Amino acid sequence: MTVDFDLLQALFWSATYVLIIIFNIKYRSLGIPPIAMATNFAWETTALIRYGSVIHIAWFSLDLIIIITYFMLCKPVYLRHKLYLPILYVVEMAAFYVIFEAGGMLLSSFVIDCTMAIEYLIYIYIYNTADERQPTQAPLLLIALCSTKLIGDLFAWIYYQEFSKTVFVIGILVFSLNSSCLWIVTSGKKKR
């Protein structure tokens, strides 16, 4: 029996998107760091325009719901103004279009995974050390979100590592960062 790691990464990343939407709605607080959200949406928009596959349609739609719930429900986290995100989105979309034209779609997705993992680590640390008003009362949802993201990235790395040595190295870094995120959330320690 062959394991389709590409399909598994798509399923776990889809589950991650759904958990982010639930988090946004339930806690009126962003379930994904804001820069990662804008960057991911720019990448998915570019992929949808260029390729239009079923998974890009699905992920674009989920990303769009994340964006809508953020702007309608969530308070800004560490970006003081939500105005920066649309500007970042437009600039990154133009950059991704050029990167995709140069054949860098795969590598760009792993660079995004790495920067997203770094930002998640900072974001989760901020939540875990914040005051009691932050949505850290939702450890199970955060644990699930961090776990599905970790597993989705892991399956993507397993599937795509043979295409590039750079992807192999980035995959190890992303796995380490995602594991650290999960450890912080599961440790549940708050700074007093």
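Of note:
- Segment 41-53, residues that are touching a helix residue (DSSP H, G or I) at 6+ places or on another chain (Cβ under 7 Å), open to solvent by 20 Å² or more (accessible area, probe 1.4 Å) and more than 16 Å from Leu88 (Cα to Cα): Leu48, Arg50
Here's the yes/no breakdown for (1) within 16 Å of the chain's Cα centre (by Cα); (2) of a type in the set (Lys, Arg); (3) open to solvent by 70 Å² or more (accessible area, probe 1.4 Å):
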site	(1), (2), (3)
Leu85	yes, no, no
Tyr89	yes, no, no
Tyr97	no, no, yes
Phe100	no, no, no
Phe110	yes, no, no
Leu121	yes, no, no
Ile126	no, no, no
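- Helices (runs of 4 or more DSSP H) enclosed by segment 1-85 - at least 2 residues per element that are more than 18 Å from Ser109 (Cβ to Cβ): 5-27, 54-73
- Here Ser176 meets the list (1) at positive phi; (2) at pLDDT 90 or above; (3) not hydrophobic (A, V, I, L, M, F, W, C) almost entirely, failing just condition (1).
- Taking segment 23-40 as the range and being open to solvent by 20 Å² or more (accessible area, probe 1.4 Å) and either over 25 Å from Lys82 (Cα atoms) or touching a helix residue (DSSP H, G or I) at 6+ places or on another chain (Cβ under 7 Å) (or both) as the test, the residues that pass are Ile25, Tyr27, Arg28, Ile35.
The values are calculated or read from the model by the stated rules, or taken from the named source; none is laboratory data. The model shown is predicted, which means the values in this text are computed figures rather than measured ones. Cβ coordinates were reconstructed from backbone atoms using ideal geometry, including for glycine residues, and neighbour counts include every protein chain displayed. Side chains included, ligands, DNA and RNA excluded: accessible areas come from the protein's heavy atoms. Shrake-Rupley method; radii C 1.70, N 1.55, O 1.52, S 1.80 Å.
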